[in-house]
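Beneath this line is the structure, given in structure tokens, with notes to follow.
The values are calculated or read from the model by the stated rules, or taken from the named source; none is laboratory data. Values in this document were obtained by computation on a predicted structure and should not be read as measured data. Every residue, glycine among them, receives a Cβ derived from its backbone with ideal geometry; neighbour counts consider all protein chains shown. Accessible surface areas use protein heavy atoms only, side chains included; no ligands, DNA or RNA. Shrake-Rupley method; radii C 1.70, N 1.55, O 1.52, S 1.80 Å.
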Amino acid sequence: MTRVAVEQKVLSENQRIAAELRERFRQNNVFCLNLISSPGSGKTSLLERTLEAFPRDMRVAVLTGDIQTENDARRLARFGFPTRQITTGGTCHLDARMIEKYLADWSLADLNLLLIENVGNLVCPSSYDLGEHAKIVLLSVTEGDDKPLKYPSIFAKSELMVLNKVDLLPYVPFSVQQARENALRVHPGIEIIEVSCTTGQGLDNWMAWLQSRHEQALTAVSA
Ligand SMILES: Nc1nc2c(ncn2[C@@H]2O[C@H](COP(=O)(O)OP(=O)(O)OP(=O)(O)O)[C@@H](O)[C@H]2O)c(=O)[nH]1
Ligand SMILES: [Mg+2]
């Protein structure tokens, strides 16, 4: 069998499991987001700021992917919500089977939001549907404003680009306008929110997006 045929088989099996997950999320009114970025752009930091802003009775859970460590799950578990690390042991992305396995003994009926942090990688995660309602790509200002053009697939598939670390703009050669133009060139409909997880700038816009997108997903279910 050729390499292409094997890849297609893997991806279609992933698609089948992702469709089952999506249906389970729909039946249980669980809104699911898949956060993707290069290593270190601030996925865990954004989740930390998000979880700390939620009321204690929020029915949210987190799955966080990493090649090797449990560091991110430790950081996120501090907020008291169900959190699990998916350690891939070398694989550069999460896949739908991993999500299915790590959700197996969680009651989806007890949740209404599932946040997934993918493995830090701007390429591989873009090919693997996890059954999420939306992919979110993070770009930080230390990475360069050309990244949407160099890694178009994930920007094309993401509903939202979170531009993080804007507190560092005075110190790095990065044009926000150029980054916006590049993202819109590969995905004309992409939404863009500028934040700093360190200073808190823009996080109100992120929380508002999260709430309104969540409500939109619930309306779609009940329609
Ligand atoms: N200056 C600044 N630093 C930030 C900001 N957000 C995150 N960082 C720092 O960037 C580093 C990486 O952040 P993480 O949240 O661990 O990034 P990540 O995307 O989860 O990384 P991986 O899980 O390894 O892919 C940490 O040292 C954070 O403190 C920000 O808005 N401004
Ligand atoms: Mg992380």
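Selection over the range 29-62 of residues that are buried (at least 17 other Cβ atoms within 10 Å of the Cβ) and either small (Gly, Ala, Ser) or under 11 Å from residue 81 (Cβ atoms) (or both) gives a count of 11.
Residue 23 meets the stated requirement of being at pLDDT 95 or above and open to solvent by 60 Å² or more (accessible area, probe 1.4 Å).
Of all residues in the range 151-198, which are free of Cβ contacts under 8 Å to residues at least 24 places away in the same chain and under 19 Å from residue 128 (Cα atoms)? Matches in the range 151-198: none. Of all the listed residues (61, 53, 18), the sole one being away from ligand 1 (no atom under 12 Å from the Cβ) and within 23 Å of residue 156 (Cβ to Cβ) is 18.
If only residues of the range 57-90 that are under 26 Å from residue 147 (Cα atoms) and in contact with a Gly (Cβ under 7 Å, 6 or more places away or on another chain) are counted, the one that is nearest to ligand 2 (Cβ to nearest atom) is 67.
Of the residues making up the range 75-106, those that are surrounded by 14 or more Cβ atoms within 10 Å (Cβ to Cβ) and out of contact with any strand residue (DSSP E or B) (no Cβ under 8 Å at 6 or more places or on another chain) are 75, 79, 91, 92, 95, 96, 97, 100. Within the bounds of the range 99-114, is there any residue that is out of contact with any Lys or Arg (no Cβ under 9 Å at 6 or more places or on another chain) and within 16 Å of ligand 2 (Cβ to nearest atom)? No, that holds for no residue. Taking the range 156-165 as the range and being open to solvent by 10 Å² or more (accessible area, probe 1.4 Å) and within 16 Å of ligand 2 (Cβ to nearest atom) as the test, only 165 passes. Residue count for the range 166-208, restricted to those that are away from ligand 1 (no atom under 16 Å from the Cβ) and open to solvent by less than 20 Å² (accessible area, probe 1.4 Å): 3. Looking across the range 107-131, just one residue is among the charged types (D, E, K, R) and either out of contact with any strand residue (DSSP E or B) (no Cβ under 9 Å at 6 or more places or on another chain) or open to solvent by less than 10 Å² (accessible area, probe 1.4 Å) (or both), and that is 117. Would a scan of the range 47-56 turn up a residue that is at pLDDT 95 or above, within 16 Å of ligand 2 (Cβ to nearest atom) and closer than 30 Å to residue 4 by Cα? Scanning the range 47-56 turns up no residue that is at pLDDT 95 or above, within 16 Å of ligand 2 (Cβ to nearest atom) and closer than 30 Å to residue 4 by Cα.
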